[in-house]
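To start, the structure itself, in structure tokens.
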Amino acid sequence: MSADDAVAETPRPASATELFFAFNRLALQGFGGVLPVAQRELVERRHWLTKTQFVEILSLGQVLPGPNVVNLALMLGDRFFGLRGALAALGGMLAAPLVIVLALTVAYAELARIAIVAGALRGMGAVAAGLILATAIRLMSTLRASLLGPWLAAAFALVTFVTVALLRLPLIWVVVGLGGLAIAIAWRRLR
Amino acid sequence: MSAFHPALPVADLLGLFGHFLMLSLLAVGGAITTAPDMHRYVVAEHGWITGAQFTSSIALAQAAPGPNVLFVAVIGWNVAGPLGALATMAGTLLPSTALTLFVSRWGARRRETRGVRAFTTGLTPLTIGLLVATGWLLVRPYVRDQGHAVGAIVLVGVAIVGMLKTKLSPMWFVGLGALVGGLGWI
């Protein structure tokens, strides 16, 4: 057990309002993703969570459907102040960025006729695709250690890509059918 | 309010809300993994926005500060203005929020059980397949545009390699994309 785990009493926010502004602050710093900023703010700067607690909350948030950082905000807020805290953290994280991104959307609709603006967004769109593909590539290494075995896991990933991107089948069929099969196989192997 | 898009009939708004409600529960691995099905619904099936608008919605959300899930609001706005954004955001957040609160209160201790482990083990390959599908759908409008295909593919490649091989913040690559695109190179 590291010293990190031994510290039972971490500081906590004084009020739901403080929670709101803390999440507001970290969301507004999060260009291209909030998670790295969240780690720095919540663990290193405010010490509301130890590193271990942060990873635990995050891995739980990853199992659940929904955006990881949003789940993280909800669970942390809930831990400190119950439902009120969860909503404060969620609101803090979403309100200001939502206004900004919608203002940009409206501005873009007006400015898209200007070639430079349209071109800039085209460029950012290509980068956005690259960022998502990089995330996928980084995660691919986890397939090697999958309990399904690397080949079967890779096959599931490939079939998912083909059915969703090429055949354009509705996602619900793919997740229920293919996902159900993968979960069933994993279930048997975990015995 | 001329910035708004043609008003969507209430039935369509409810359909939009319902579809995003369902996708929220399928979004294992983040909202972005459901982007291909959002694309299928709003672009391919209903034709409310174009593929290029879909890609630029995600680009805008990535360029702005805040969680990337906000691309959902931008897509909603581009489909049907404020009501569209409300429909897609509420649809995306309500079910996952309720489920998250439930699990964080009652299910946290069962994290290591066989059921949960089977669930994560089984769905991880799907998450990866869905991320590749999302990247593919975002790239496709560029590849079809003959004049700019090569530049766009190079830019996608630079972003991938840069993210994997350096510790630079994604912000720098988004900035590079804006610069290269603004200069008209892609």
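Laboratory data are not the source of any read-out in this text; all were calculated from the coordinates shown. These numbers come from a predicted model, not from an experiment. Positions of Cβ are generated from backbone atoms using ideal geometry, with glycine treated the same way; all protein chains shown enter the neighbour counts.
Per-structure values
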| item | result |
| --- | --- |
| Ranked list, fewest to most other Cβ atoms within 10 Å of each Cβ, for B:Lys165, A:Lys51 | B:Lys165, A:Lys51 |
| Cα extents of the stretch B:10-120 along the three principal axes, largest first (Å) | 44, 31, 23 |
| Fluctuation leader among A:Val175, A:Val101, A:Val37 - chain A, Gaussian network, Cα springs under 10 angstrom | A:Val175 |
| Computed E for A:Arg191/B:Val116 - FRET, C-beta separation, R0 25 angstrom, nearest 0.05 | 0.95 |
| Projected label distance in nm at A:Glu44 and B:Leu179, using a 7 Å step from Cα toward the beta-carbon | 2.5 |
| Footprinting exposure proxy for B:Ile49, A:Ile132 (fewest neighbouring C-beta atoms within 10 Å first) | B:Ile49, A:Ile132 |
| B:Val28 long-range amide H proximity, modeled H, under 5 Å | A:Gly66 |
| Kyte-Doolittle mean at least 1.6 and Cα axial length at least 15 Å: DSSP H helices in chain A | A:115-140, A:150-161 |
| Relative contact order of the stretch B:10-113, defined on C-alpha pairs under 8 angstrom at six or more residues apart (%) | 32 |
| Additional length obtainable on full extension of the chain from B:Leu14 to B:Thr166, 0.36 nm per residue less Cα span | 50.3 nm |
| Length released on extending from A:Glu56 to A:Arg168, taking residue separation times 0.36 nm less the Cα-Cα span | 36.8 nm |
| GNM top mover of B:Leu83, B:Leu16, B:Leu176 - chain B, alpha-carbon springs below 10 Å | B:Leu176 |
| Least to most buried among B:Ser24, B:Ser57 (fewest other Cβ within 10 Å first) | B:Ser24, B:Ser57 |
| Förster radius 22 Å - calculated FRET efficiency between A:Gln29 and A:Thr142, Cβ distance, rounded to 0.05 | 0.20 |
| Fluctuation leader among A:Pro170, A:Pro150, A:Pro13 - chain A, Gaussian network, Cα springs under 10 angstrom | A:Pro170 |
| The stretch A:12-26-the stretch A:149-179 distance, computed between alpha-carbon centres (Å) | 40 |
| Separation in nanometres of the label points that stand 7 Å from Cα toward Cβ, at B:Thr50 and A:Ala109 | 1.6 |
| Cα centroid separation, the stretch A:58-101 to the stretch B:107-186 (Å) | 23 |
